[in-house]
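See below for the structure under consideration.
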Amino acid sequence: MARANEIYRVNNSGISQQLRRKEIFIRWKQPPWPWCKLNTDGSCKNDWEAGAGGVIRDSAGHWISGFCIRIGESSVLMAELWGLYQGLILAWDVGIKRLLVEVDSLCVTQMIAKQVVVPNVFHALIVAVQELLSRNWQIAITHIYREANSTADFMANMAHSAPLGLQVFSDPPMGIYSIISQDLFGVTQPRFVSI
């Protein structure tokens, strides 16, 4: 019985958690030529005030377009979905035909891929996203860690100080240049992951 208690203590002490994790280094990666990449993110602050944002870049990592949208009262998951939806519309509107999409919400990628049951509150937006995905273009959506999504995070947070609605940026807004530079130079950020 003493041995069982010792095993229980080790498994629940956090020590075993540290042993099952390793540090990896995450960075944003440029898409291969002739693809473009869309990174999107959602954000919620103070009493469910939601915003979303995203950035489209070419295979050299150069800015094509970006956006932020202040949504109003909503959940972070709804904000993530709005970011994906608006980013896809923007990419289509600027004429992109090959698009890699990265989002840092695993739940969003699972809902889009129909791997989980979609709650009714998200159904209309999921259907709208799936309609955009079915258009005549090559597109892939993947989940990434938030450490590789800093530019989209910046745009999503910028939405909180923007007027309600959509703001589109043909040039990078002030304050984001250092993040873009870090992405271009391959600066990594650490993350501990389960092994």
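Computed quantities for the displayed model
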| item | result |
| --- | --- |
| Dipole moment magnitude, nearest 20 debye, segment 104-185 about Cα centre, only Lys, Arg, Asp, Glu C-beta charged | 260 |
| Pair-distance profile P(r), taking every C-alpha pair of segment 25-134, with 5 angstrom steps and integer % | 2, 12, 22, 23, 20, 13, 6, 1, 0 |
| Ratio of the Cα radius of gyration of segment 24-69 to 2.2 N^0.38 Å, where N counts its residues | 1.43 |
| Dipole in debye (nearest 20) - segment 39-195, about Cα centre, beta carbon charges: Lys, Arg +1; Asp, Glu -1 | 340 |
| Degrees, to the nearest 10: 120-133 long Cα axis against longest axis of the chain | 60 |
| Angle in degrees between helix 2-11 and the longest Cα principal axis of the chain, rounded to the nearest 10 | 20 |
| Where N is the number of residues in the chain, Cα Rg divided by 2.2 N^0.38 Å | 1.16 |
| Positive-end residue of GLY87, TRP28, SER75, charge dipole of segment 14-89 with Cβ unit charges | TRP28 |
| Å² of accessible area per residue within segment 84-195, as computed with a 1.4 Å probe and no ligands counted | 54 |
| Estimated D of segment 110-195 in µm² per second, where Rh is the Kirkwood radius over Cα pairs and Stokes-Einstein applies at 4 °C, 1.567 mPa s | 80 |
| Backbone N within segment 57-71 under 20 Å of label point (7 Å from SER161 Cα along the Cβ vector) | 66-71 |
| Nearest-ten-degree value, helix 76-93 long axis tilted from longest Cα axis of the chain | 40 |
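The values are calculated or read from the model by the stated rules, or taken from the named source; none is laboratory data. It should be emphasised that the depicted structure is a prediction, and the values quoted were computed from it without experimental measurement. We place every Cβ from the backbone using ideal geometry, glycine too, and count neighbours over all the protein chains shown. Keep in mind that these areas ignore ligands, DNA and RNA; they rest on the heavy atoms of the full protein, side chains included. Shrake-Rupley method; radii C 1.70, N 1.55, O 1.52, S 1.80 Å.
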